[in-house]
Amino acid sequence: MGAPQIDDATRLEPRSVSARVAPSVLQLQGLAGLSAVTVRERLAEDGPNDLAAHRKSSLLGIVFEVVREPMFIMLVAAGLVYLLLGEPADALMLLGFVFVVMAITIVQARRTEHALEALRDLSSPRALVIRDGERRRIPGHEVVRGDLVVVVEGDRVPADGVLRQALHLVVDESLLTGESVAVRKLPSTDADRLDQPGGDDLPSVFSGTLVTSGQGIVEILATGARTELGKIGKALEQATPEPTLLQTETRRIVRVLAVVGLAACAVVVVVFALTRGGGAEVWKQGFLAGIAMAMAILPEEFPVVLTIFLALGAWRLSRSRVLTRQMPAIEMLGAATVLCVDKTGTLTQNQMSLRTLAIGGSTTDLPGLPELPEELHGLLEHAILASRRDPFDPMERALHEAGGRLIKDTEHLHPTWVLVREYPLTPGLLAVSHAWSTEAGGEAMVSTKGAPEAVADLCHLAPEQRAALAREVQSLASQGLRVLAVAKGVTPLEQLPDDQHDLQLELVGLLGFEDPLRPTVPAAVRECQTAGVRVVMITGDYPATAQSIARSAGITDCDTVLTGEDLRGMSDEELAKRVANVQIFARVVPEQKLRIVIALKANHEVVAMTGDGVNDAPALKAAHIGIAMGGRGTDVAREAASLVLLDDDFSSIVDAIRLGRRIYDNIKKAVVFIVAVHVPIAGLSMLPVFFADWPLLLLPVHIAFLQLIIDPSCTLVFEGEQAEADIMQRPPRRRDVGLFSKETLGIALLQGASILGVCLAVFLLGRTNHTVDAARALTFVTLVVAFIMVILVNRSWRASAVAMLRVPNAAVRWVLLGAVVFLTLAVALPYPRQLFHFAALDLHDLLLSLGAGAVCILWFEAVKRVRRARSRTSWVPARTS
């Protein structure tokens, strides 16, 4: 038989913060640690345990960033030109707009800063400390000098300290030393100092280093900038995060358009002056026209939109109990096609209860059992003796709970017994044995529990006995139970072997554990399938157990199961063919998850993968979206993942997919809005330049006014939009279709061209029997109303604009109210009319402009109806069971 495999929750060696507790040979009892009062004093004295605290953007810093923006520079330049033209009122108007735009930018920047600060608090590495005699999980930045920290495999050491106790502790110090070989760590000989922390010890373990195996207790000596890592932390302060692919694409487009805008500015200045006979005043007017042209073309909103949407999107994900560690994950969530999940703790509650005991083919169900039959005492006793006395592992807690209820007075659990030897679980032998020294002396009672295959191997069962055991295991597993085997033996104390395999053991029986399915899972699985996301279960449990849980969860096509043994016999090419139709992988070890991920990617799937252990890190890194378990995952898994599931709940992953699709949808709507409004601004700025008898339709003051609508709309309005009603009834978006796709840009350009055409028609109609200023006012009113309509029709690409009026969005109300009020003031009052170079309008003309602006892009409502009908007929959701 091949090496047995069980999943992480079955492993008896601790793997997560909730279940990773030092074994009984670490003397945790009686350790008090620091008091709450001392912790507060030292936190106030030394500060938080941060290597390089993130520098918050100050108000002056944000103002400086605004001053460097091209739009700000062009507004100031236009103001200078107005001063040169002898029009100080126009210059003051532009200056007023500058302060308004600056205020909007500051509000957006502070909102983004607060969201990122909340995420930094969540993403702080965790530490298991002993304080006031209790073990507590705390953020790493709350660790203080003198803390007692329990470190185990997969942990990052939170601060510099001296090792007081250790069990086979090995630490990777390559972050500090560059040495790739991990270092074995030995504890300080002055172990009694645990009760009297402090002193002149030199650190033996260092902040940021990784525990690769073993466990230990560390007394913290230095935190934050006082650690060795903190002393070289200047390099970390200078490190900047890599831009995402979407940000890179956007910056490239902005650079191209900036060059085009500057070139167009120069062309407009020259053409304007030459077509109007030159002269100083004409050249000044030409400069105004050129500045207006550059302001019209430059879409400086793109980088702002991406920064705000991604930052606030990550903040929204954190409210759904999902922490974003890498921003590209938000972009990829909407494209996920396969979701690979663990069974234990993700689909199930990870709240084990002992349900069944089996001996010699006879099974006994424990629920409702008033008293345990005598013949079953030995099975439960040896299972408990093979566990830790102070357990955190869910199955070991279940064993102790059952023992305390059914056999609490048994003589074999006498507290005077001493654990003299522990044989830990290893990847090659998934069983653990405890050798106990009894009152009789001279002999050790050995208790073993683990995977049935491993225990069968330790008991050296004959082939027919193994076959009978396998049938019994299959029977229990088909009921959805987690199965462990128990063995016992007696060995002279002086003859305890070094290798667990050399113990003389005999099989006692089997344990069946029940781990209930999370109640939210079936509905979440159905939602995934409806959204075109295939759910694949990867577990170390038996195929029958996995199939039972999968059917309860609603996962489709459960008849075919690939095991770890099957994977070992497959080539990569064969595996890539098989994974397309397999939903369950059983008896899989973490190292094989990487092969599964690579095979799915070879089939052009966009893969989201969950994991929690050290060995899961390569698979999490290889997946398009790595999702680490926050409750029971190791620090290594969290660092390798792009998302961290804070509550380990499968439904939170589905919520993240839904929110990821919403964020991407809203970014696309904002992009369409930005492009659509810049097309008529650019057209109305450039066309009059080439017609000598046309006046300038848009001046810098007009474009500055329009920015008051554009800036909050493309950020606050669209970022706050709720998800489309059918967002989880659509297939995943194609990964090769970028944000600036032909469809997106085509819709945006058509909307912009429609607005430009209607505005030009209103201008040409208005100039036939109105003054130039009146025609300009009519055109501007049409343009503003059209912009309001662009906001309303693009709030949803499925529902009608009228239906969306019933969907609350506070930013929409404020933007519409502000636009209407400012437009009314600019048109109705004499002094603002003079500043905007408008003339008074009668009611008939005003209604004409309002109507033209309102209907210019109503054709998009018909497009929505066609899209809705097409989506209903072209998309068939995944079959559910």
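Looking at LEU850, LEU835, LEU816 in this structure, which one is touching a helix residue (DSSP H, G or I) at 6+ places or on another chain (Cβ under 9 Å), modelled with pLDDT under 85, in a helix (DSSP H, G or I) and not charged (D, E, K, R)?
Numbers: LEU850 fails: modelled with pLDDT under 85; LEU816 fails: modelled with pLDDT under 85.
Only one candidate qualifies: LEU835.
Residue by residue through the range 679-697, note down the ones that are in contact with a Phe, Trp or Tyr (Cβ under 9 Å, 6 or more places away or on another chain) and open to solvent by less than 10 Å² (accessible area, probe 1.4 Å).
Of everything in the range 679-697, those that are in contact with a Phe, Trp or Tyr (Cβ under 9 Å, 6 or more places away or on another chain) and open to solvent by less than 10 Å² (accessible area, probe 1.4 Å) turn out to be PRO680, LEU684, PRO688, VAL689, LEU697.
Identify all residues within the range 788-802 that are of a type in the set (D, E, K, R) and either within 19 Å of ILE710 (Cα to Cα) or buried (at least 20 other Cβ atoms within 10 Å of the Cβ) (or both); write none if there are none.
Selection gives ARG795 alone.
What are the residues in the range 742-758 that are surrounded by 15 or more Cβ atoms within 10 Å (Cβ to Cβ) and either among the small types (Gly, Ala, Ser) or assigned to a loop (DSSP other than H, G, I, E, B) (or both), if any?
Of everything in the range 742-758, those that are surrounded by 15 or more Cβ atoms within 10 Å (Cβ to Cβ) and either among the small types (Gly, Ala, Ser) or assigned to a loop (DSSP other than H, G, I, E, B) (or both) turn out to be ALA748, GLY752, ALA753, SER754.
Name the residues in the range 410-423 that are at pLDDT 80 or above and surrounded by fewer than 16 Cβ atoms within 10 Å (Cβ to Cβ), would you? Working first, answer last.
Taking the range 410-423 first, the residues at pLDDT 80 or above are 418-423.
Residues satisfying the conditions are VAL418, VAL420.
Within the range 533-555, can you find the residues that are open to solvent by less than 20 Å² (accessible area, probe 1.4 Å) and assigned to a loop (DSSP other than H, G, I, E, B)?
Taking the range 533-555 as the starting set, the residues that turn out to be open to solvent by less than 20 Å² (accessible area, probe 1.4 Å) are 533, 535-541, 544-546, 549-550, 553-555.
Hits for the range 533-555 are VAL533, THR539, GLY540, ASP541, GLY554, ILE555.
Looking at the range 454-468 only, could you name the residues that are surrounded by fewer than 21 Cβ atoms within 10 Å (Cβ to Cβ) and in a helix (DSSP H, G or I)? Spell out the reasoning first.
At the first step, the residues of the range 454-468 found to be surrounded by fewer than 21 Cβ atoms within 10 Å (Cβ to Cβ) are 457, 460-468.
Listed by number, the residues that qualify are ASP457, PRO463, GLU464, GLN465, ARG466, ALA467, ALA468.
Let's see how each residue does on (1) in contact with a Phe, Trp or Tyr (Cβ under 9 Å, 6 or more places away or on another chain); (2) modelled with pLDDT of 90 or more; (3) part of a helix (DSSP H, G or I); (4) basic (Lys, Arg):
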site	(1), (2), (3), (4)
GLU573	no, yes, yes, no
GLN592	yes, no, yes, no
ARG595	no, yes, yes, yes
ALA599	no, yes, yes, no
GLU605	no, yes, no, no
ALA608	no, yes, no, no
ALA628	no, no, no, no
GLU639	no, no, yes, no
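Name, by its number, the condition in (1) open to solvent by 20 Å² or more (accessible area, probe 1.4 Å); (2) among the aliphatic types (A, V, I, L, M); (3) touching a Pro at 6+ places or on another chain (Cβ under 8 Å) that does not hold for ILE598.
ILE598 satisfies every listed condition except (3).
Out of (1) surrounded by fewer than 23 Cβ atoms within 10 Å (Cβ to Cβ); (2) among the basic types (Lys, Arg); (3) at pLDDT 90 or above, what's the single condition that is false for ARG776?
Failed condition: (1).
Take the residues in the range 787-813 that are among the small types (Gly, Ala, Ser) and in contact with a Leu (Cβ under 9 Å, 6 or more places away or on another chain), then tell me which one is farthest from PRO832 (Cα to Cα). Walk me through how you get there before you give the answer.
Just the residues of the range 787-813 that are among the small types (Gly, Ala, Ser), to begin with: 796, 799-801, 803, 810-811.
Those still in the list that are in contact with a Leu (Cβ under 9 Å, 6 or more places away or on another chain) too: 801, 810-811.
Numbers: ALA801: 32, ALA810: 28, ALA811: 26 Å.
Of everything passing the filter in the range 787-813, ALA801 is farthest from PRO832 (Cα to Cα).
Across the range 469-484, which residue is nearest to ALA586 (Cα to Cα) among those that are open to solvent by less than 10 Å² (accessible area, probe 1.4 Å) and in a helix (DSSP H, G or I)?
ALA477
Would you mention how many residues in the range 485-499 are open to solvent by 20 Å² or more (accessible area, probe 1.4 Å), of a type in the set (A, V, I, L, M) and part of a strand (DSSP E or B)?
If we filter the range 485-499 for residues that are open to solvent by 20 Å² or more (accessible area, probe 1.4 Å), which is where we start, we get 488, 490, 492-499.
Then keep just the ones that are of a type in the set (A, V, I, L, M); that gives 490, 493, 496.
Then keep just the ones that are part of a strand (DSSP E or B); that gives 490.
Qualifying residue count for the region: 1.
In the range 838-847, which residues are charged (D, E, K, R) and assigned to a helix (DSSP H, G or I)?
The first filter runs over the range 838-847 and keeps only residues charged (D, E, K, R), leaving 842, 845.
Passing the criteria: only ASP845.
Looking at (1) surrounded by fewer than 18 Cβ atoms within 10 Å (Cβ to Cβ); (2) modelled with pLDDT under 70; (3) under 30 Å from TYR664 (Cβ atoms); (4) not basic (Lys, Arg), which is the only condition VAL259 fails?
(2)
If GLU719 meets every condition in (1) under 26 Å from the mean Cα position of the chain (by Cα); (2) surrounded by fewer than 21 Cβ atoms within 10 Å (Cβ to Cβ) apart from one, which number is that one?
(2)
Anything in the range 501-552 that is out of contact with any strand residue (DSSP E or B) (no Cβ under 7 Å at 6 or more places or on another chain) and hydroxyl-bearing (Ser, Thr, Tyr)? List them, or say none.
THR520, THR530, SER548
Part of a loop (DSSP other than H, G, I, E, B) and surrounded by fewer than 24 Cβ atoms within 10 Å (Cβ to Cβ) - does that describe any residue in the range 659-678?
Applying the first criterion (part of a loop (DSSP other than H, G, I, E, B)) to the range 659-678 yields none.
No: zero hits.
Test of understanding: among ASP515, ASP502, which residue is open to solvent by less than 20 Å² (accessible area, probe 1.4 Å) and among the charged types (D, E, K, R)? Step through it out loud before you land on a result.
On the way: ASP502 fails: open to solvent by less than 20 Å² (accessible area, probe 1.4 Å).
Selected residue: ASP515, the only one of ASP515, ASP502 that is open to solvent by less than 20 Å² (accessible area, probe 1.4 Å) and among the charged types (D, E, K, R).
Would you point out which residue out of ARG551, ARG518 is farther than 29 Å from ALA462 by Cα and at pLDDT below 90? Outline the logic, then answer.
Working: ARG551 fails: at pLDDT below 90.
On inspection, the qualifying residue turns out to be ARG518.
The values are calculated or read from the model by the stated rules, or taken from the named source; none is laboratory data. This one's a predicted model, so the numbers in the text were calculated from it and none came from an experiment. Positions of Cβ are generated from backbone atoms using ideal geometry, with glycine treated the same way; all protein chains shown enter the neighbour counts. Keep in mind that these areas ignore ligands, DNA and RNA; they rest on the heavy atoms of the full protein, side chains included. Shrake-Rupley method; radii C 1.70, N 1.55, O 1.52, S 1.80 Å.
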